[in-house]
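Here is the structure we will look at, set down as structure tokens.
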Amino acid sequence: MRDEQSMNHHAFTFSGADLRALGSGALWWPDQALLCVSDLHLGKSERVARRSGQSLPPYETRDTLTRLAADLERTGARAVICLGDSFDDAGAAASLPGEDRAAIAALQAGRRWIWIAGNHDPAPVDFGGEQRGDVVLGPLIFRHIATADGTGEVSGHYHPKADVQARGRRISRPAFLLDINRLILPAYGTYTGGLHSHSDALRGLMAPSAIAILTGPVPTCVPMPR
């Protein structure tokens, strides 16, 4: 990170890698100059309108890319891994306006950029960068969906969120979930919901000792709410 004091983060070690959970929901690996984000769901408003006729303000792609640009600028990342579901579906990817395509190209310039296939975007898309099913880098493996026996596994897919009690009220925020074997990232995209950490799916994956790192202006680490 160019200046660790300039960006709110929670530092932790996972499988021997020194990582930073950023308040934005991105994961920063300083030793690799790598920024990792999950579940951008670019083009969701177009997909919702196409499938349901419901109109959502069509600004989520630009907002997501603007926040990503800010994280890239602050960290000085030389590599990016997008952990799948980067596009809401193939139609959403194909329908991105030219200005959004240009914005993606500008973010990719001078960087290694890896698109990992997700369940929403399993096929190659017409954008720069590499298309991969998963990526092994040092002690970590990056993939879209966590596996039952994963070790050193960094994934997304579930859009985890967690609750914390603060000043007499309950606050719910997107969250990183972390145990000894796996790290699940929150969704980075603007139009993305979340799955509570106490859901059966997440409780079944994460060890009882798991923690949640809530995103926001001051990332907060708590025992994973169950």
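A few points about this structure:
- Matching residues in the stretch 122-148 - criterion: being touching a residue at least 24 places away in the same chain (Cβ under 8 Å) and of a type outside the set (Gly, Ala, Ser): Val125, Asp126, Phe127, Val135, Leu137, Pro139, Leu140, Phe142, Arg143, His144, Ile145
- Flag for Ser38 being of a type in the set (Ser, Thr, Tyr), at pLDDT 95 or above and within 21 Å of Ile213 (Cα to Cα): yes
- Matching residues, the stretch 97-128, being of a type in the set (A, V, I, L, M, F, W, C) and more than 24 Å from Ile145 (Cβ to Cβ): Ala102, Ala103, Ala105, Ala106, Leu107, Ala109
- In the stretch 106-122, the qualifying residues are those that are of a type in the set (Gly, Ala, Ser) and under 19 Å from the mean Cα position of the chain (by Cα), and the one that is surrounded by the fewest Cβ atoms within 10 Å (Cβ to Cβ) is Ala117.
- Restricting the stretch 147-170 to residues that are hydrophobic (A, V, I, L, M, F, W, C) and farther than 15 Å from Asp134 by Cα, the residue that is surrounded by the most Cβ atoms within 10 Å (Cβ to Cβ): Ala162
- Conditions (1) hydrophobic (A, V, I, L, M, F, W, C); (2) modelled with pLDDT of 95 or more; (3) surrounded by fewer than 15 Cβ atoms within 10 Å (Cβ to Cβ): number failed by Leu56: (2)
- Lone unmet requirement of (1) among the hydroxyl-bearing types (Ser, Thr, Tyr); (2) over 16 Å from the mean Cα position of the chain (by Cα); (3) under 21 Å from Pro30 (Cα atoms) for Tyr188: (2)
- Extreme residue, nearest to Ala207 (Cα to Cα), among residues of the stretch 124-146 that are surrounded by fewer than 16 Cβ atoms within 10 Å (Cβ to Cβ) and of a type in the set (Gly, Ala, Ser): Gly138
- Residues (assigned to a loop (DSSP other than H, G, I, E, B), at pLDDT 90 or above, touching a Gly at 6+ places or on another chain (Cβ under 6 Å) and not aliphatic (A, V, I, L, M)) located in the stretch 83-137: Gly84, Asp85, Gly118
The values are calculated or read from the model by the stated rules, or taken from the named source; none is laboratory data. The model shown is predicted, which means the values in this text are computed figures rather than measured ones. Virtual Cβ from ideal backbone geometry, glycine too; neighbours counted across all protein chains shown.
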